[in-house]
Number of protein chains: 2
Amino acid sequence: MEQDQTPSEKQGHPPAQAILHEVRTAENSAAHLLPKLQSMKESNYHLTLLDVGAGSGTISVSFAKLIPNGHVTGVDLNPNILPRARAVAEMAGVKNIEFQQGNVYKLPFADETFDVTFCHQVLIHIGTPWDALREMLRVTKRGGIVAAREGDYESECVWPELPELCKFHKLMAGLMSAGGGTPTAGRQLLSWALKVGVERSQITLSYSTSSYHTPSDKKICSQGLCDQLRGGSLREKALKFGLGTENDLEEMAKAWEEWAKRDDASLAMLHGEILVQK
Amino acid sequence: MEQDQTPSEKQGHPPAQAILHEVRTAENSAAHLLPKLQSMKESNYHLTLLDVGAGSGTISVSFAKLIPNGHVTGVDLNPNILPRARAVAEMAGVKNIEFQQGNVYKLPFADETFDVTFCHQVLIHIGTPWDALREMLRVTKRGGIVAAREGDYESECVWPELPELCKFHKLMAGLMSAGGGTPTAGRQLLSWALKVGVERSQITLSYSTSSYHTPSDKKICSQGLCDQLRGGSLREKALKFGLGTENDLEEMAKAWEEWAKRDDASLAMLHGEILVQK
């Protein structure tokens, strides 16, 4: 799929829609896993961790820093994002990491390869998330951990409630569903783990939040969403599925620009989190 | 209003609808305030804290434990709950606390009385929450803190999505609105503080979650809601406002009983939180 890469992607620059994802770290997106990771590290100096759907690799890189004597593998379905992930690792001076192309339904690893297998905002986008969890369990060692964190898009709170932001919310939910995903992934995560035969007693469930409300947060968020509405894959899909006109998308982008300027603005969402003890 | 008390309330036992509230502590319901409280305590040994809408007093009592050389005052509009709050304090062996009747719109205290003024799930229920915030600011010393945490009911995530639980969600939102409250309080908290003239730079906004998913959590939650549906003030108001029939309420109670038995069940909600530096 090399021919699909833009010149900027070839140089390891982030595609527009990735900017918003690059604020993600293990600390803000995998906090539920960190105490367990710390205790595992104490008894196993050379932990191996797989980050599924690694994208730009910012979470993977922060995991690699947390286990400096261990090793992190990041996989993503989209090979075009891999140069950016490698550039992120290089800029951070992180060596104990590698990125490769991989499909969560058919991970390119033997059974029981990793101590920890993690994903963030992956299961929400796919048709049979329980099959992905089964595959993540397969590549995880006995005694290891499968961890997932998925947003619950229907819990999203935006203020002020500008009409175009409400339309944007519906657009995003529509796109997720049109792509076979589940906008209410966060609340269903536990049920998906139970569906593949994991005992309830092996699963720790928690909920956390992500939010944007400081001036810099709002700028990153607005810019990321405007880029997607004006030129990213979101725009392409919205037009393809007939979920909005070019004019609708431009009105939404303007509303996000207005939102970012307002003192009373915030955006928040619930995320479901599971830790599965294999 | 003594004549409205039930015999059990006179003995300081919780009314049915209070059971669900009594799992609340400063740790789980005011976590955003605790680091600030700790730093204030270091420079002021005798902090005074006002807990507005203290209810059964479990949050107030845990605040009192955190500032053993300070003093906590809990006020509630409903005088019938005060004996229970005093019993909770006595059972905990906490002495640096008092409870009294009080209206958040007209707090019975002089200007600049408290170092910290706090409320939890109060502003969501009232008609002009910004007036309550203005009053809380009035009784707070210069250099002190006003802190609030309010749920955003529209962010609530329940699983499994039994039809009667969806009806219950609508009933609760309807009751809140019928009573003059704001189901989307959490996302609006910041805007309310700005509305009374506080500068954005004086306000720290955050979001957190509450959730029920362990067997004991689910039992407490289901029992508390069933009690309210079968005999509490929720039932009374639902019937009064024509928001449900007796049969509807019984079906909802049965659904909560079924929910509590299911391994895949959870209930979660976003809360908005502000700290205002006066």
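A:Pro79 label points, 7 Å along Cα→Cβ, one per copy: pairwise distances from this copy to the rest in nm, shortest first?
List, nearest first: 7.8 nm.
Let's test the formula: R0 of 51 Å, r as the Cβ-Cβ distance of B:Ser39 and A:Ser233. What FRET efficiency results, to the nearest 0.05?
0.65
Between the label point of B:Arg200 and that of the same position in each other copy, find the distances and list them shortest first in nm, with every label point placed 7 Å from Cα along the Cα-to-C-beta direction.
4.6
Report relative contact order for chain B in percent, whole number only (criteria: Cα-Cα under 8 Å, sequence separation at least 6).
The value is 21 percent.
Which of A:Met136, A:Met91, A:Met252 moves most in a GNM of chain A, Cα contacts under 10 Å?
A:Met91
5 Å is the cut-off here: which amide hydrogens, built 1.01 Å from N in the peptide plane, fall below it relative to B:Ala92, excluding neighbours closer than 5 in sequence?
none
Between B:Gln202 and B:Lys170, take the C-beta separation as r, use R0 = 56 Å, and let me know the FRET efficiency to the nearest 0.05.
FRET efficiency, B:Gln202 to B:Lys170: 0.90.
Please report which chain B residue places its beta carbon nearest the axis carrying chain B onto chain A, with the distance rounded to a whole angstrom.
B:Ser155, 2
Considering only Cα-Cα distances, which of the following residue pairs are longer than 19 Å: A:Lys65/A:Lys95; A:Lys167/B:Lys167; B:Lys41/B:Lys278; A:Lys261/B:Lys195? Before the final figure, lay out the partial values.
On the way: A:Lys65/A:Lys95 9 Å; A:Lys167/B:Lys167 25 Å; B:Lys41/B:Lys278 17 Å; A:Lys261/B:Lys195 17 Å.
Correct reply: A:Lys167/B:Lys167.
Based on DSSP H runs of at least 4 residues, each adding -39500 (n - 2.57), what is the mean residue ellipticity at 222 nm of chain A after dividing by all its residues, to the nearest 500 deg cm²/dmol? Present the calculation step by step, with values, prior to reporting the outcome.
Working: 11 runs with 115 residues, N = 278.
Helix contribution divided over all residues of chain A: -12500 deg cm²/dmol.
What is the average number of partner chain Cβ atoms found within 10 Å of a Cβ in A:265-272?
6
With a 1.4 Å probe and all protein chains left in place, how much accessible area per residue does segment A:162-259 have, in Å²?
Numbers: 4400 Å² over 98 residues.
Normalised by residue count, the accessible surface of segment A:162-259 is 45 Å².
Defining a contact as two alpha carbons under 8 Å apart and six or more residues distant in sequence, what relative contact order in percent does segment A:120-230 show?
For segment A:120-230, the relative contact order is 34 percent.
Under the rule a/c < 1.5 gives rounded, and otherwise a/b versus b/c splits prolate from oblate, where does segment B:151-210 land using the Cα gyration tensor?
Since a/c reaches 1.5 but b/c is at least a/b, the shape of segment B:151-210 is classed as oblate.
Would you mind finding the longest exposed-site-free stretch of chain B, with exposed chymotrypsin sites (Phe, Trp or Tyr not before Pro) meaning DSSP loop and at most 16 other Cβ atoms within 10 Å? Before the final figure, lay out each step's value.
Details: sites that count: B:Tyr45, B:Tyr105, B:Phe241.
Excluding the exposed sites themselves, the longest stretch runs over B:106-240.
Can you classify the protein assembly as shown as rounded, prolate or oblate using the Cα gyration tensor, where a ≥ b ≥ c are the square roots of its eigenvalues, rounded means a/c under 1.5, and otherwise it's prolate if a/b beats b/c and oblate if not? Please list the in-between numbers first.
On the way: a/c = 1.69, a/b = 1.62, b/c = 1.04.
Because a/c hits 1.5 or more and a/b exceeds b/c, the protein assembly as shown counts as prolate.
How shielded is A:199-207 by partner chains, expressed as the average number of their Cβ atoms within 10 Å of its Cβ atoms? Can you show the working numbers first?
On the way: counts 1, 4, 1, 0, 3, 2, 6, 5, 11.
Rounded to a whole number, the mean comes out at 4.
By DSSP, what percent of the beta bridges with both residues in the protein assembly as shown are antiparallel, rounded to the nearest 5?
50 percent
Note the full-extension length gain between B:Lys261 and B:Thr214 as 0.36 nm times their separation in residues minus their Cα-Cα distance, in nm to one decimal.
15.9 nm
Using the Cα centre of chain A as origin and beta-carbon charges of +1 (Lys, Arg) and -1 (Asp, Glu), tell me which of A:Ala85, A:Leu33, A:Gly70 is placed farthest towards the positive end of the dipole.
A:Gly70
Each residue of segment B:186-201 in turn: what ³J(HN,Hα) in whole Hz from Karplus with 6.51, -1.76, 1.60 and θ = phi - 60°, glycine and Pro shown as x?
Going residue by residue, I get x, 6, 9, 3, 4, 5, 5, 5, 5, 4, 8, x, 6, 6, 4, 5 Hz, with x marking Gly and Pro.
For a quick check: with amide H placed at 1.01 Å from N, whose amide H comes under 5 Å from A:Thr48's, ignoring anything fewer than 5 positions away on the same chain?
The answer is A:His71, A:Asp115, A:Val116.
Can you compute 3J(HN,Hα) from phi for each residue in segment A:38-45, using the Karplus curve 6.51 cos²θ - 1.76 cosθ + 1.60 with θ = phi - 60°, rounded to whole Hz and x for Gly and Pro?
4, 6, 5, 4, 5, 9, 9, 5
Each residue of segment B:243-249 in order: what ³J(HN,Hα) in whole Hz does its phi give by Karplus 6.51 cos²θ - 1.76 cosθ + 1.60, θ = phi - 60°, with x for Gly and Pro?
Here the 3J(HN,Hα) series is 8, x, 8, 4, 5, 4, 5 Hz.
Using modelled amide H (1.01 Å from N, peptide plane; none on Pro or chain starts), what sits under 5 Å from the amide H of A:Leu77, excluding residues fewer than 5 places away?
Here the answer is A:Gly53, A:Gly102, since their amide H atoms fall under 5 Å of that of A:Leu77.
For segment A:113-227, rounded, prolate or oblate, judged on the Cα gyration tensor with a ≥ b ≥ c (square roots of eigenvalues), a/c < 1.5 rounded, else prolate if a/b > b/c? Walk me through the intermediate numbers first.
On the way: a/c = 2.42, a/b = 1.96, b/c = 1.23.
Prolate shape, in that a/c is at least 1.5 and a/b is the bigger ratio.
What nm value, rounded to one decimal, do you get for the distance between B:Ser177 and A:Asn69 when each label is placed 7 Å out toward the C-beta?
It is 5.9 nm.
Which percent, to the nearest 5, of DSSP beta bridges fully inside segment A:2-277 are antiparallel?
Numbers: 22 of 42 bridges.
Taking every DSSP beta bridge within segment A:2-277, about 50 percent pair in antiparallel fashion.
The values are calculated or read from the model by the stated rules, or taken from the named source; none is laboratory data. Predicted, not measured: the structure shown is a model, and the values here were computed from it. Please note: Cβ atoms are built from the backbone with ideal geometry, for glycine as well, and neighbour counts cover all protein chains shown. Ligands, DNA and RNA are excluded from the accessible area calculation, which covers all protein heavy atoms including side chains. Shrake-Rupley method; radii C 1.70, N 1.55, O 1.52, S 1.80 Å.
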